[in-house]
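The values are calculated or read from the model by the stated rules, or taken from the named source; none is laboratory data. Remember, it's a predicted structure, so these values are computed and weren't measured experimentally. Methodologically, a virtual Cβ is constructed for each residue, glycine included, from the backbone with ideal geometry; neighbour enumeration extends over all protein chains shown. Side chains are part of the model used for accessible areas, which takes the heavy atoms of the whole protein and leaves out ligands, DNA and RNA. Shrake-Rupley method; radii C 1.70, N 1.55, O 1.52, S 1.80 Å.
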Amino acid sequence: MPQSTRAAQPIGPQVPNWSARPAPPATPKTGRYVRIEPLDPVRHARDLFEANAADRDATHWTYLFDEKPLTPEAYSAWVAKSASTQDPMFHAIIDLATGKAAGVAALMRIDRNHGVIEVGHINFSPRLQRTRQATEAIYLMMARAFDELGYRRFEWKCDHLNAPSREAALRFGFTFEGIFRQAVVYKGRNRDTAWYAIIDTDWPGIKAAHEAWLDPANFDAEGRQVKRLAAHAGQ
C-alpha cells in the first residue's frame, strides 16, 4: 500500500500532566505595602469613597464600564453590586500604612480549563496611583495566578485610547498582542480593545524584577525610586 506523501501538519508542543486550575480563593494576600482582599461593602465602601474624593471630575472612571457613584450611598451600592460576583472577583487594595482601602481590581474571565485569567476593573484612587502600593497590588495578583494557582496566562485588556493603562501594562511586564477592533460597546461608544499578556515562561523574570523594585533598598529617604522597574527587568 503506497505511503502518503502528505506532509505532517504542525502542532503545538505538549503540555504534560495538564489539569484544570483551581478557582481563585476568597482569601487575602499580603505583601510589604498592601493587602489584597475580597471586596466587602461594610469594610471598604466608605474608605474607597473618601479615597476617590480627589477625583472630582471623575476622569479615573472614563474607561471603566460604570459611572462614578457621587454619594456615599451610591458608592456603597456600587461596592455591594461589585462584591456580589465571583467572576469578576473584585478585590480591595488595602494600604498597610493606613489600614484603609485605596483602590480596587478584579480577577476576571477566569478560564480554569485553559489556565487563563485576566486582571481588570482596575480603579486606583489618587492616593494609590504611581505608588509602591499600586505596583505591589498588581504583583500580588500575578503571584496568586502563577505561583499559587498555576495558571499559564495572565491578561490585561483596555480601551486602546487609554494611554495610562497601556503604559502601565508595559511597565508591569505585559507583552502587547494586538488590537481587537470594535470589541465592546460601553457607555454608548465603541471600544477597540488593546490586549496584553504575561505567560508562565515570562513570569520568573518579571517576578524577580518586581521583587527587586519593591525592595525598600530601591527607594531613597524621600521615597523616590533608585532604579525604574524596567531597569530591573533589563529593558
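Some observations on this one:
- Crossing angle, helix 132-143 versus the chain [Cα axis fit, 0-90 degrees, rounded to tens]: 30
- Taking all Cα pairs closer than 8 Å and separated by 6 or more residues, the relative contact order of region 73-202 comes to 17 percent.
- Mean accessible surface per residue for region 175-235, computed with a 1.4 Å probe while every protein chain stays in place, in Å²: 60
- Normalised contact order of the chain, rounded percent, pairs of Cα under 8 Å and 6 or more residues apart: 16
- Probe 1.4 Å, protein heavy atoms only - accessible area per residue of region 51-117 in square angstrom: 49
- For the chain, a Gaussian network of Cα nodes joined below 10 Å ranks 123, 52, 162 by mean-square fluctuation, and the top entry is 162.
- Carbon + sulfur, % of accessible area of region 22-81 - ligands and nucleic acids excluded, 1.4 Å: 57
- Judged by the gyration tensor of its Cα atoms, with axes a ≥ b ≥ c, region 179-234 is oblate; a/c meets the 1.5 cut and b/c is at least as large as a/b.
- Using alpha-carbon coordinates, inclination of helix 41-51 to the longest axis of the chain, degrees: 70
- Once the Cβ-Cβ distance of residue 193 and residue 129 is raised to the sixth power relative to R0 = 30 Å, the FRET efficiency obtained is 0.85.
- Backbone HN-Hα couplings from phi across region 14-20 [Karplus 6.51/-1.76/1.60, Hz, Gly and Pro as x]: 5, 10, x, 6, 6, 9, 4
- Efficiency of FRET between residue 61 and residue 18 - r from beta-carbon atoms, R0 30 angstrom, step 0.05: 0.15
- C-alpha long axis of helix 72-83 to longest principal axis of the chain, angle in °: 20
- Whole-Hz ³J(HN,Hα) from phi, Karplus 6.51 cos²θ - 1.76 cosθ + 1.60, for region 160-165, glycine and proline x: 5, 8, 7, 4, x, 5
- Shape category assigned to region 124-223 from the gyration tensor of Cα positions, a/c cut at 1.5: oblate
- Cut-off 11 Å between beta-carbons: net charge of the residues surrounding residue 101, Lys and Arg +1, Asp and Glu -1: 0
- Taking 0.36 nm per residue of separation and subtracting the current Cα-Cα distance, fully stretching the chain between residue 80 and residue 42 would add 12.8 nm.
- Taking a ≥ b ≥ c as the square roots of the eigenvalues of the alpha carbon gyration tensor, region 66-184 is rounded, as a/c is under 1.5.
- Springs between Cα atoms under 10 Å define the GNM used for the chain, and in it the highest mean-square fluctuation of 207, 29, 81 occurs at 81.
- For the chain, built as a Gaussian network whose Cα springs stay under 10 Å, the top-fluctuating residue of 211, 222, 67: 222
- Near the amide H of residue 39, within less than 5 Å, lie the amide hydrogens of 90, 91, 92, all on another chain or at least 5 residues away, with H placed in the peptide plane.
- Under a model in which nothing but the beta-carbon of Lys, Arg (+1) and Asp, Glu (-1) is charged, the chain shows a dipole of about 300 debye around its Cα centre.
- Whole-Hz ³J(HN,Hα) from phi, Karplus 6.51 cos²θ - 1.76 cosθ + 1.60, for region 205-219, glycine and proline x: x, 5, 4, 4, 5, 5, 5, 5, 5, 6, 4, x, 5, 7, 10
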